[in-house]
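> Sending over a structure as structure tokens; questions will come in a sec.
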Amino acid sequence: MTWDFAEGNPFSDSSGNFGSMIEWVVKVLHTVDARVPGYVEQADAAELIHLRQPACISTDPPYYDNIGYADLSDLFYIWLRHSIGTVFPDLFATLLVPKAQEMIASPYRFDGDKEAAQEFFEDGLFKTFGNIFKASDPQYPATVYYAFKQAEASDEGLVSTGWETMLDGLVRTGFQITGTWPLRTELSNRMLASGTNALASSVVLACRRRPKDAGMITRRDFIGALQTELPTALRLLQRGNIAPVDLAQASIGPGMAIFSRYAQVVEADGSPMSVRTALALINQALDEFLAEQEGEYDGDTRWALAWFEQNAFDDAPFGDAETLSKAKNTSVGGMVEAGFLHARAGKVRLLRREELDEEWTPAGDRRRTVWEDVQQLIRALDTRGEDAAAGILSQLTGAEAESARDLAYRLYTLCERKGWAQEATAYNGLVVTWPELQRRAHDLAASAPQQDRLL
């Protein structure tokens, strides 16, 4: 967090003005069909919740150690205490915002001890989900909103500490995840997303009480269920045009729905599988799903993808390129002729987007590749805008366009794992813009017959 001043003008017509803030509240009131009077009460979520009756509970838990909410609140609290402290004396009884009980894993509150901070967070989250389990109405699912991108490598694969802690609390409490949806919750023009691959969606987990007679399965059975069920869920996410930056965390939902439906997933040695291991296996299944889509690409694209993973757009020995070309059933000379590869003086490299043929069109390319479709779409989008990119997309068949979008997902994931943030942004941007490109491409296709008649 960087402390700064908000320079909004409340009397303007731009963001942050009084009129817009009132308008948004009015929209909510018009939309929500609430006929029962509500009441608001401040309480510690980790303490026992005393509700007047069982309730449908919806919550957005803290994101591990990402944000110090109480520290940020001090900026506003001191002024609110001066202005309305006498109206709500219970809420403003302290000079500053209370911080000791805040449920985040901040090591600085434990003299720099990360383990103590994590233990505090895990215990609090487990107590909270236990309270939600007791207080929620069994007729309705409890919904949990979560967005956490932090990932770290472990011996078991790629995992996320934030997700692991939150999901472990849910599963240990007795909840079963029965449905998941990615929900667009963030604006692309917010400061955090400016020039970065920041998450744009939260994942909503619908949780119900796991049946008492839920059985057990083995690790092998769990992996088999992932391989059977997860691809269908991932295809739905891609068809819904979820941003590549959100795909990894969105896949956690359907994967954990499989894990949490059982009382226990048993390892080969008889011990219960941890949530950390389950998350690593879900990420592994996601990688396998994206890798399997490579089989649908042409040989040149499969070569370019493998070469890009090893060398990006840098020079590498001709011998390596020639060896890889034999494995992918293509040739270096053919790919140079195709127009996306440079080979000279014993060195080979992929052409950067700005080096590609500006006059290129899908119809005029005698050796079409999905690789070049994607790179030319991004080039057109970056240099000439959405209409130019839509013009290219309008010349692709439905299957060709689908393959191009699939490759953009694959390339984003590859770049993210490699730490190539700027290159990853290009592929994420293409997928995010895809619905608008499709709309414009459809308009172009619809107007083409009329233009032909005029000619």
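> I need the helices of the chain that pass two filters: whole DSSP H segments spanning 15 Å or more by Cα along the axis, and mean Kyte-Doolittle score no lower than -1.0. Don't jump to the answer; show the numbers that get you there.
Working: long enough: 18-31 (20 Å, 0.87); 69-84 (21 Å, 0.32); 114-135 (31 Å, -0.30); 161-173 (18 Å, -0.12); 219-239 (30 Å, -0.26); 244-260 (25 Å, 0.85); 275-292 (25 Å, 0.62); 299-311 (18 Å, -0.86); 370-383 (20 Å, -0.09); 398-418 (30 Å, -0.70); 421-454 (47 Å, -0.59).
Flagged H segments are 18-31, 69-84, 114-135, 161-173, 219-239, 244-260, 275-292, 299-311, 370-383, 398-418, 421-454.
> Take each of the peptides 339-347, 236-244, average the number of other beta-carbon atoms within 10 Å over its residues, and list them starting from the highest. Don't jump to the answer; show the numbers that get you there.
On the way: 339-347: 14.8, 236-244: 17.1.
Per-residue mean Cβ counts within 10 Å order the peptides as 236-244, 339-347.
> Another one. For labels at THR31 and LEU351 in the simple 7 Å Cα→Cβ model, what's the distance in nm?
4.7
> OK, next. First measure r as the distance between the Cβ atoms of GLU119 and ALA316, then evaluate 1/(1 + (r/R0)^6) with R0 = 45 Å and state the FRET efficiency to the nearest 0.05.
Working: r = 48 Å, r/R0 = 1.06.
Efficiency, rounded to the nearest 0.05: 0.40.
> Please tell me the relative contact order of the chain in percent, rounded to the nearest whole number, where contacts are Cα pairs under 8 Å and at least six residues apart.
After rounding, I find 11 percent.
> As a test of reading the structure, rank TRP181, TRP307 by solvent-accessible area (1.4 Å probe, protein chains only), most first. Let's see the in-between values first.
Working: TRP181 145, TRP307 10 Å².
So, going from the largest accessible area down, we get TRP181, TRP307.
> Further, regarding this structure: Picking from LEU396, LEU226, ALA408, whose Cα lies most toward the positive end of the charge dipole for the chain (charges on Cβ: Lys, Arg +1; Asp, Glu -1)?
So the residue we want is LEU226.
> If I model a spin label as a point 7 Å beyond the Cα along the Cα-Cβ vector, how far apart are those points for ALA327 and ALA343 in nm?
If labels sit at ALA327 and ALA343, their model points lie 1.7 nm apart.
> Once you have the Cα-Cα distance between LEU48 and ILE223, take 0.36 nm times their residue separation minus that, and quote the gain in nm to one decimal. Mind showing how you got there, number by number?
Details: separation 175, 0.36 × 175 = 63.00 nm, distance 3.73 nm.
Stretched fully, the LEU48-ILE223 segment lengthens by 59.3 nm.
> Please give me the summed charge of the neighbours of PHE120: other residues whose Cβ is under 13 Å from its Cβ, Lys and Arg +1, Asp and Glu -1. Intermediate values should be presented prior to the final figure.
Numbers: positive: LYS99, ARG109, LYS114, LYS127; negative: ASP65, GLU102, ASP111, ASP113, GLU115, GLU119, GLU122, ASP123.
For residues surrounding PHE120, the net value is -4.
> At 0.36 nm per residue, and after removing the present C-alpha to C-alpha distance, how many nm does the segment from LEU183 to GLN422 gain when stretched out fully? All intermediate terms of the calculation are to be shown ahead of the outcome.
Working: separation 239, 0.36 × 239 = 86.04 nm, distance 2.48 nm.
In short, 83.6 nm is gained.
> Could you give the length gained by full extension between TYR145 and ILE67, i.e. 0.36 nm per residue of separation minus their alpha carbon distance, to one decimal place? Each step should come with its number before you reach the end.
Numbers: separation 78, 0.36 × 78 = 28.08 nm, distance 1.59 nm.
Gain in length upon complete extension: 26.5 nm.
> Now a separate question. Could you calculate the FRET efficiency of SER271 with THR232 from 1/(1 + (r/R0)^6), where r is the beta carbon distance between them and R0 is 30 Å, rounded to 0.05?
On the way: r = 30 Å, r/R0 = 1.00.
Plugging the Cβ-Cβ distance into 1/(1 + (r/R0)^6) gives 0.50.
> Next question. Given Cβ point charges of +1 (Lys, Arg) and -1 (Asp, Glu) and nothing else, what value in debye, to the nearest 20, does the dipole of the stretch 218-305 about its Cα centre take?
Numbers: 7 positive and 12 negative charges, 80 e Å.
With Lys and Arg at +1 and Asp and Glu at -1, about 380 debye.
> Provide the per residue accessible area, probe 1.4 Å, for the chain, rounded to a whole number of square angstrom.
On the way: 25850 Å² over 455 residues.
Accessible surface, normalised per residue, equals 57 Å².
> Using Cα pairs closer than 8 Å and at least 6 residues apart in sequence, work out the relative contact order for the stretch 249-375, in percent. Show your work: numbers first, answer last.
Details: 100 pairs, mean separation 26.3, N = 127.
Answer for the stretch 249-375 is 21 percent.
> Related question: Quantify, in whole percent, the carbon and sulfur part of the accessible surface of the stretch 65-135 (1.4 Å probe; protein heavy atoms only). Each step should come with its number before you reach the end.
Numbers: 2870 of 4640 Å².
The nonpolar share, carbon plus sulfur, comes to 62 percent.
> Using the per-residue mean of other Cβ atoms lying within 10 Å as a proxy for protection, in what order, highest first, do the peptides 288-300, 42-54 fall? Working shown, then result.
Values: 288-300: 16.2, 42-54: 11.7.
Put in order of decreasing packing, that is 288-300, 42-54.
> I need two numbers for the chain: Rg to one decimal and Dmax as a whole number, Cα atoms only, in Å.
Rg, Dmax (Cα atoms, Å): 26.2, 80.
> What number, rounded to the nearest 500 deg cm²/dmol, is the helix-based mean residue ellipticity at 222 nm of the chain, given -39500 (n - 2.57) per DSSP H run of at least four residues and division by all its residues?
On the way: 14 runs with 228 residues, N = 455.
Calculated mean residue ellipticity at 222 nm is -16500 deg cm²/dmol.
> In µm²/s, what is D for the stretch 362-419 at 4 °C and 1.567 mPa s, where D = kT/(6 pi eta Rh) by Stokes-Einstein and Rh is the Kirkwood radius from Cα pairs? Could you put the intermediate results ahead of the total?
On the way: Rh = 11.9 Å.
This corresponds to a translational diffusion coefficient of 109 µm²/s.
> Next up: Explain nothing, just the number: dipole magnitude of the stretch 86-133 about its Cα centre with +1 on each Lys and Arg Cβ and -1 on each Asp and Glu Cβ, in debye rounded to the nearest 20.
On the way: 4 positive and 8 negative charges, 35 e Å.
Using Cβ point charges on Lys, Arg, Asp and Glu, the stretch 86-133 gives about 160 debye.
> Suppose R0 equals 22 Å. What FRET efficiency, 1/(1 + (r/R0)^6) with r the Cβ-Cβ distance, do ARG439 and ASP382 give to the nearest 0.05? Write down the numbers at each step before the final one.
Working: r = 19 Å, r/R0 = 0.88.
Computed FRET efficiency for ARG439 and ASP382 comes out at 0.70.
> Identify all lysines with a Cα-Cα distance to LYS418 below 30 Å; exclude those on the same chain that are fewer than 8 residues away in sequence.
Straight-line reach from LYS418, under 30 Å: LYS114, LYS149, LYS326, LYS328, LYS347.
The values are calculated or read from the model by the stated rules, or taken from the named source; none is laboratory data. Computed from a predicted structure; not experimentally measured. Glycine gets a Cβ as well: all are built from the backbone with ideal geometry, and neighbour counts include every protein chain shown. Quick note on the areas: whole protein, heavy atoms, side chains included, nothing else; ligands and nucleic acids left out. Shrake-Rupley method; radii C 1.70, N 1.55, O 1.52, S 1.80 Å.
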